[in-house]
Amino acid sequence: MCSVYEFGRGKKKPPQALNAGGFDSLADDVRLIRRTDKAPVYLSDGSVHMMRWGYERPGLGVVNNTRSDNFESPMWRDSIEHRRCLIPVTAFYEWSGPKGNKRTHRFTSRDGGWLWMAGIWETADKLGECFSMITTAANALMSPIHNRMPAVLTDKELNPFLDGELMKFNPAPETLRVNDARNPLLKNPPSHVQDELF
């Protein structure tokens with residue numbers, strides 16, 4: 001569930017309520033972000049930090065996503081209560097179909113702007129600052145592909161989430177667009193993709 005996303009310059013500026021000009025200079029090039037990569041995240045104090053994607057846990061390895069229905073777990077409780085963040089994304093990927101014949105789906109904002117994912121963060125002794133992306137139940141657009149999806153926030157939800165007021169997520173399907181895409185993880189992807197799904 002959401003192990004790859006793109007970070008690059010969106011067609012629209014970040015919402016004014018965020019005062020998020022700090023990460024604009026980082027967004028000149030489109031970059032593919034995979035777990036354990038470093039990427040910018042926006043903190044509740046208005047600062048932007050480069051952090052490693054994924055919490056490291058003994059016996060579990062890298063845990064890059066946090067289920068919204070598991071916040072009471074000791075692994076997540078302190079982070080959701082005290083260290084929330086926003087993850088700026090221009091596209092994210094999901095796969096469907098049988099092993100060996102999977103389709104790649106690329107999700108973007110319908111208006112060409114940024115997608116803001118709910119996240120949490122921590123400082124690890126050996127790894128430094130790390131973040132995890134919050135996932136929630138799939139909406140109508142995602143459910144034919146996967147049963148979970150990133151907690152994509154609307155502009156009105158950004159500050160309530162950072163302030164600790166928002167605990168449940170319901171990403172609106174009409175704010176997203178999905179297209180079939182070349183698999184960005186393949187070194188030699190096929191030269192064609194199917195038409196838009198929805």
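Before moving on, here are some points about what is shown:
- Averaged per residue, region 64-198 has 51 square angstrom of accessible surface, using a 1.4 angstrom probe with ligands and nucleic acids left out.
- Cβ-based net charge around Asn159, under 13 Å, with every Lys or Arg adding one and every Asp or Glu removing one: -3
- For region 101-190, with all protein chains in place and a probe radius of 1.4 Å, 47% of the accessible heavy-atom surface sits on carbon or sulfur.
- Here r is the Cβ-Cβ distance between Asp45 and Asn101 and R0 is 41 Å; the resulting FRET efficiency, rounded to 0.05, is 0.35.
- Among 58-65, 127-134, 73-80, sorting by the average number of other beta carbon atoms lying within 10 angstrom of each residue, highest first, gives 127-134, 73-80, 58-65.
The values are calculated or read from the model by the stated rules, or taken from the named source; none is laboratory data. In this text, all values refer to a predicted model and were calculated from it rather than measured experimentally. Methodologically, a virtual Cβ is constructed for each residue, glycine included, from the backbone with ideal geometry; neighbour enumeration extends over all protein chains shown. Heavy atoms of the whole protein, side chains included, go into the accessibility calculation; ligands, DNA and RNA do not. Shrake-Rupley method; radii C 1.70, N 1.55, O 1.52, S 1.80 Å.
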